[in-house]
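Q: Before anything else, here's the structure in question.
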Amino acid sequence: MAIEKGDFIKLKYTGKFSDGMVFDTTDEQLAKDNGIFNPRGVYGGDIIVVGSGQTIRGLDEDFVGKEPGYTGTLTVPPEKAFGRHNPALVETLSVTKLADQFKGKNPYPGMPVEVNGKRGVIAQIIGRRVRVDFNHALAGKEVEYDYTIEEKIEDPLTKVKGLIALYTGFNDIEAEITDNLIRIVTPIELSFNQRWLVTKVNIANELIDRLGIPNLEYVEKHPYVPPEMDAEDIVEVPAEESSEATESEE
(Lines give C-alpha, C1' and ligand atoms only; values in the text may rest on other atoms or scores of the structure.)
Protein backbone atom coordinates (compact mmCIF):
# COMPACT_ATOMS: atom_id res chain seq x y z
CA MET A 1 0.00 0.00 0.00
CA ALA A 2 1.36 3.42 -0.97
CA ILE A 3 2.71 5.76 1.71
CA GLU A 4 0.38 8.59 2.78
CA LYS A 5 0.68 11.62 5.05
CA GLY A 6 0.40 10.58 8.67
CA ASP A 7 2.00 7.16 8.12
CA PHE A 8 4.88 6.07 10.34
CA ILE A 9 7.81 4.79 8.28
CA LYS A 10 11.30 3.53 9.01
CA LEU A 11 13.73 5.46 6.87
CA LYS A 12 17.40 5.01 6.01
CA TYR A 13 19.13 7.87 4.23
CA THR A 14 22.37 9.60 3.36
CA GLY A 15 22.49 13.33 2.66
CA LYS A 16 25.35 14.79 0.62
CA PHE A 17 26.40 17.83 -1.38
CA SER A 18 26.83 17.93 -5.16
CA ASP A 19 30.54 17.16 -4.73
CA GLY A 20 29.70 13.92 -2.90
CA MET A 21 30.61 15.12 0.60
CA VAL A 22 28.35 13.40 3.15
CA PHE A 23 26.83 15.67 5.83
CA ASP A 24 24.22 13.35 7.37
CA THR A 25 23.47 9.62 7.39
CA THR A 26 21.71 6.88 9.32
CA ASP A 27 24.61 4.52 8.49
CA GLU A 28 26.96 4.36 11.48
CA GLN A 29 30.00 3.13 9.54
CA LEU A 30 29.49 5.71 6.80
CA ALA A 31 29.29 8.42 9.46
CA LYS A 32 32.60 7.27 10.92
CA ASP A 33 34.23 7.06 7.50
CA ASN A 34 33.20 10.67 6.76
CA GLY A 35 34.13 12.13 10.13
CA ILE A 36 30.58 13.02 11.16
CA PHE A 37 29.92 10.23 13.67
CA ASN A 38 27.98 11.35 16.75
CA PRO A 39 28.40 8.95 19.71
CA ARG A 40 25.04 10.14 21.07
CA GLY A 41 23.28 9.65 17.74
CA VAL A 42 20.87 6.85 16.85
CA TYR A 43 21.90 4.89 13.76
CA GLY A 44 20.27 2.12 11.77
CA GLY A 45 17.27 4.11 10.53
CA ASP A 46 14.81 6.74 11.79
CA ILE A 47 11.11 6.27 12.42
CA ILE A 48 9.25 9.40 11.31
CA VAL A 49 5.70 10.53 10.62
CA VAL A 50 5.26 11.46 6.96
CA GLY A 51 4.13 15.06 6.51
CA SER A 52 5.01 16.15 10.06
CA GLY A 53 8.12 18.14 9.16
CA GLN A 54 10.48 15.72 10.88
CA THR A 55 12.80 15.89 7.89
CA ILE A 56 13.36 18.52 5.18
CA ARG A 57 10.30 19.48 3.14
CA GLY A 58 11.49 18.23 -0.24
CA LEU A 59 12.28 14.80 1.14
CA ASP A 60 9.09 14.66 3.21
CA GLU A 61 6.97 15.40 0.13
CA ASP A 62 8.76 12.74 -1.92
CA PHE A 63 7.69 9.91 0.41
CA VAL A 64 4.01 10.26 -0.46
CA GLY A 65 2.91 7.71 -3.04
CA LYS A 66 5.98 5.50 -2.66
CA GLU A 67 5.72 1.84 -1.64
CA PRO A 68 7.50 0.35 1.38
CA GLY A 69 10.87 -0.95 0.17
CA TYR A 70 11.36 1.93 -2.26
CA THR A 71 14.97 3.08 -2.82
CA GLY A 72 15.85 6.21 -4.74
CA THR A 73 17.89 9.39 -5.04
CA LEU A 74 16.47 12.91 -4.78
CA THR A 75 18.05 16.30 -5.44
CA VAL A 76 16.52 19.00 -3.23
CA PRO A 77 16.79 22.76 -3.94
CA PRO A 78 17.61 25.15 -1.06
CA GLU A 79 14.03 26.37 -0.61
CA LYS A 80 12.86 22.81 0.09
CA ALA A 81 15.98 21.81 2.02
CA PHE A 82 17.43 24.11 4.68
CA GLY A 83 16.18 27.39 3.23
CA ARG A 84 17.79 30.13 1.23
CA HIS A 85 20.50 32.18 2.89
CA ASN A 86 18.83 35.23 4.43
CA PRO A 87 21.11 38.30 4.75
CA ALA A 88 18.78 39.69 7.43
CA LEU A 89 19.93 36.88 9.73
CA VAL A 90 23.54 38.12 9.66
CA GLU A 91 24.27 40.59 12.48
CA THR A 92 27.30 42.69 13.39
CA LEU A 93 28.08 42.62 17.12
CA SER A 94 30.73 43.91 19.46
CA VAL A 95 33.39 41.42 20.57
CA THR A 96 32.71 42.63 24.12
CA LYS A 97 29.11 41.40 23.97
CA LEU A 98 30.33 37.86 23.22
CA ALA A 99 33.46 37.87 25.39
CA ASP A 100 32.01 35.52 28.02
CA GLN A 101 31.51 32.85 25.32
CA PHE A 102 35.11 32.94 24.10
CA LYS A 103 36.46 31.52 27.40
CA GLY A 104 39.84 33.09 26.92
CA LYS A 105 40.15 32.10 23.24
CA ASN A 106 40.40 34.50 20.36
CA PRO A 107 37.26 34.52 18.16
CA TYR A 108 37.61 32.89 14.74
CA PRO A 109 35.40 32.37 11.66
CA GLY A 110 33.22 29.32 12.20
CA MET A 111 33.15 29.64 16.00
CA PRO A 112 29.65 28.82 17.33
CA VAL A 113 28.02 31.47 19.53
CA GLU A 114 24.60 32.11 21.04
CA VAL A 115 22.89 35.48 21.32
CA ASN A 116 19.52 35.95 23.04
CA GLY A 117 18.74 32.26 22.61
CA LYS A 118 19.70 32.24 18.91
CA ARG A 119 22.56 30.03 17.77
CA GLY A 120 24.89 31.18 15.05
CA VAL A 121 28.50 31.10 13.89
CA ILE A 122 31.04 33.86 13.46
CA ALA A 123 31.32 34.57 9.74
CA GLN A 124 33.80 37.45 9.80
CA ILE A 125 35.93 39.45 12.25
CA ILE A 126 36.41 43.15 11.67
CA GLY A 127 38.59 44.77 14.33
CA ARG A 128 36.62 44.66 17.59
CA ARG A 129 33.41 43.60 15.88
CA VAL A 130 32.20 40.26 14.51
CA ARG A 131 29.60 39.34 11.94
CA VAL A 132 27.45 36.45 13.22
CA ASP A 133 25.41 34.33 10.80
CA PHE A 134 22.21 32.96 12.34
CA ASN A 135 21.15 31.09 9.19
CA HIS A 136 21.10 27.29 9.23
CA ALA A 137 24.60 26.01 8.47
CA LEU A 138 23.31 24.45 5.23
CA ALA A 139 21.12 27.37 4.16
CA GLY A 140 21.42 28.20 0.47
CA LYS A 141 22.79 24.79 -0.48
CA GLU A 142 21.32 22.24 -2.90
CA VAL A 143 21.53 18.77 -1.40
CA GLU A 144 21.06 15.20 -2.55
CA TYR A 145 19.57 12.29 -0.62
CA ASP A 146 19.85 8.57 -1.21
CA TYR A 147 17.06 7.00 0.79
CA THR A 148 15.20 3.76 1.41
CA ILE A 149 11.74 3.39 2.96
CA GLU A 150 12.42 0.18 4.86
CA GLU A 151 8.88 -0.39 6.10
CA LYS A 152 5.60 1.15 7.09
CA ILE A 153 5.23 0.86 10.86
CA GLU A 154 1.93 -0.54 12.10
CA ASP A 155 2.74 -1.62 15.68
CA PRO A 156 1.71 1.17 18.12
CA LEU A 157 4.52 0.45 20.62
CA THR A 158 7.14 0.62 17.85
CA LYS A 159 5.66 3.96 16.78
CA VAL A 160 5.99 5.33 20.31
CA LYS A 161 9.56 4.17 20.83
CA GLY A 162 10.60 5.30 17.36
CA LEU A 163 9.27 8.82 17.78
CA ILE A 164 10.86 9.17 21.23
CA ALA A 165 14.21 7.99 19.81
CA LEU A 166 13.95 10.49 16.96
CA TYR A 167 13.52 13.42 19.34
CA THR A 168 15.78 12.35 22.22
CA GLY A 169 18.45 10.02 20.87
CA PHE A 170 17.37 7.33 23.37
CA ASN A 171 16.41 4.17 21.49
CA ASP A 172 15.71 1.94 24.49
CA ILE A 173 12.97 3.92 26.23
CA GLU A 174 10.52 1.81 28.25
CA ALA A 175 6.89 2.22 27.21
CA GLU A 176 3.54 0.46 27.42
CA ILE A 177 0.18 1.02 25.79
CA THR A 178 -3.40 0.24 26.77
CA ASP A 179 -6.65 1.26 25.08
CA ASN A 180 -6.74 4.47 27.13
CA LEU A 181 -3.15 5.27 28.03
CA ILE A 182 0.36 5.60 26.63
CA ARG A 183 2.89 5.37 29.48
CA ILE A 184 6.48 6.35 28.75
CA VAL A 185 9.23 5.77 31.32
CA THR A 186 11.93 8.41 30.90
CA PRO A 187 15.48 8.05 32.24
CA ILE A 188 16.71 10.60 34.76
CA GLU A 189 19.16 12.00 32.17
CA LEU A 190 16.27 13.59 30.28
CA SER A 191 15.36 15.69 33.33
CA PHE A 192 18.39 17.86 32.61
CA ASN A 193 17.85 18.07 28.84
CA GLN A 194 16.51 21.51 27.88
CA ARG A 195 15.33 20.30 24.48
CA TRP A 196 13.26 17.57 26.15
CA LEU A 197 11.53 20.08 28.41
CA VAL A 198 10.45 22.00 25.32
CA THR A 199 9.51 19.10 23.03
CA LYS A 200 7.86 16.57 25.36
CA VAL A 201 4.46 18.30 25.12
CA ASN A 202 4.65 18.30 21.31
CA ILE A 203 5.61 14.61 21.33
CA ALA A 204 2.69 13.79 23.62
CA ASN A 205 0.21 15.68 21.45
CA GLU A 206 1.46 14.02 18.29
CA LEU A 207 1.32 10.49 19.74
CA ILE A 208 -2.17 11.03 21.18
CA ASP A 209 -3.37 12.37 17.84
CA ARG A 210 -1.69 9.75 15.64
CA LEU A 211 -2.49 6.71 17.77
CA GLY A 212 -5.99 7.78 18.80
CA ILE A 213 -5.28 7.04 22.46
CA PRO A 214 -6.71 9.75 24.76
CA ASN A 215 -4.07 9.94 27.49
CA LEU A 216 -0.29 9.93 27.82
CA GLU A 217 1.86 10.07 30.91
CA TYR A 218 5.60 10.38 31.43
CA VAL A 219 7.08 8.52 34.39
CA GLU A 220 10.56 9.54 35.55
CA LYS A 221 12.71 6.59 36.48
CA HIS A 222 15.11 7.20 39.37
CA PRO A 223 17.16 4.04 39.98
CA TYR A 224 18.31 3.44 43.56
CA VAL A 225 21.97 4.28 44.08
CA PRO A 226 23.29 3.03 47.44
CA PRO A 227 25.16 5.77 49.34
CA GLU A 228 28.89 5.33 49.65
CA MET A 229 30.17 5.04 53.22
CA ASP A 230 32.88 7.57 54.05
CA ALA A 231 36.10 6.26 55.53
CA GLU A 232 35.65 8.33 58.71
CA ASP A 233 32.28 6.66 59.30
CA ILE A 234 33.93 3.24 59.62
CA VAL A 235 34.93 2.56 63.24
CA GLU A 236 37.47 -0.18 63.68
CA VAL A 237 37.26 -2.16 66.93
CA PRO A 238 40.70 -2.84 68.46
CA ALA A 239 41.59 -6.51 68.68
CA GLU A 240 41.61 -6.49 72.50
CA GLU A 241 38.18 -4.86 72.73
CA SER A 242 36.83 -7.30 70.16
CA SER A 243 38.15 -10.22 72.20
CA GLU A 244 36.64 -8.84 75.40
CA ALA A 245 33.30 -8.36 73.76
CA THR A 246 33.32 -11.93 72.57
CA GLU A 247 34.21 -13.25 75.99
CA SER A 248 31.49 -11.19 77.72
CA GLU A 249 28.92 -12.51 75.26
CA GLU A 250 29.98 -15.99 76.16
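Q: Can you give the charge dipole size of the chain about its Cα centre, rounded to the nearest 20 debye, using +1 on the beta carbon of Lys and Arg and -1 on the beta carbon of Asp and Glu? Working shown, then result.
A: Numbers: 27 positive and 44 negative charges, 583 e Å.
Here the chain has a charge dipole of around 2800 debye.
Q: Enter the Cα centre distance for the pair region 1-55 and region 130-190, rounded to the nearest angstrom.
A: Centre-to-centre (Cα) distance: 11 Å.
Q: Output ³J(HN,Hα) for region 120-128: one whole-Hz value per residue in order, computed from phi by the Karplus curve 6.51 cos²θ - 1.76 cosθ + 1.60 with θ = phi - 60°, and x for Gly and Pro.
A: Whole-Hz 3J(HN,Hα) from phi for region 120-128: x, 10, 6, 9, 7, 10, 10, x, 9.
Q: Could you give the accessible area per residue of the chain, probe 1.4 Å, as a whole number in Å²? Mind showing how you got there, number by number?
A: Details: 15750 Å² over 250 residues.
Ligands and nucleic acids excluded, the figure is 63 Å² per residue.
Q: Summarise the accessible area of the chain (1.4 Å probe, protein heavy atoms) by the percent that is carbon and sulfur. Working shown, then result.
A: Details: 7590 of 15750 Å².
Of all accessible area on the chain, carbon and sulfur atoms account for 48 percent.
Q: Let me ask something else about it. Top to bottom by accessible area (1.4 Å), largest first, where do H222, H85 land? Kindly include the intermediate steps, with their values, before the conclusion.
A: Details: H222 110, H85 90 Å².
So, going from the largest accessible area down, we get H222, H85.
Q: Can you send over the solvent-accessible area of R57, 1.4 Å probe, protein chains only, in Å² to the nearest 10?
A: 120
Q: Right, something else. Return one quarter of the surface area of the convex hull spanned by the alpha-carbon atoms of region 57-200, equal to its mean projected area, in nm². Let's see the in-between values first.
A: On the way: hull surface 49.9 nm².
Taking a quarter of the hull surface, the average projection is 12.5 nm².
Q: Continuing with this model, one more query. When only C-alpha pairs under 8 Å and at least 6 residues apart count, what is the relative contact order of region 32-158, in percent? Please report the intermediate quantities before stating the final value.
A: Details: 160 pairs, mean separation 39.2, N = 127.
After rounding, I find 31 percent.
Q: Moving on. Express the relative contact order of region 1-102 as a whole percentage, based on alpha carbon pairs under 8 Å and six or more residues apart in sequence. It would help to have the intermediate numbers written out before the result.
A: On the way: 106 pairs, mean separation 28.7, N = 102.
Answer for region 1-102 is 28 percent.
Q: Right, next: Can you give me the solvent accessible area of D60 with a 1.4 Å probe, rounded to the nearest 10 Å²?
A: It works out to around 10 Å².
Q: Then there is this: Would you mind telling me which residue in R195, R183, R84 has the biggest mean-square fluctuation in a Gaussian network model of the chain, where springs connect alpha carbons within a distance under 10 angstrom?
A: Comparing R195, R183, R84 in a Gaussian network model of the chain, the most mobile one is R195.
Q: Still on this structure, I have one more. Volume per residue, Å³, of the convex hull around the alpha-carbon atoms of the chain?
A: Details: hull volume 63.6 nm³, N = 250.
For the chain, the hull spanned by Cα atoms encloses 254 Å³ per residue.
Q: Let me ask you something else. Just subtract the alpha-carbon distance of S52 and V198 from 0.36 nm times their residue separation and send over the number in nm, one decimal. Intermediate values should be presented prior to the final figure.
A: Numbers: separation 146, 0.36 × 146 = 52.56 nm, distance 1.72 nm.
Between S52 and V198, full extension yields 50.8 nm more.
The values are calculated or read from the model by the stated rules, or taken from the named source; none is laboratory data. Values in this document were obtained by computation on a predicted structure and should not be read as measured data. Ideal geometry is used to build each Cβ from the backbone, glycine not excepted, and the neighbour counts take in all protein chains shown. Ligands, DNA and RNA are excluded from the accessible area calculation, which covers all protein heavy atoms including side chains. Shrake-Rupley method; radii C 1.70, N 1.55, O 1.52, S 1.80 Å.
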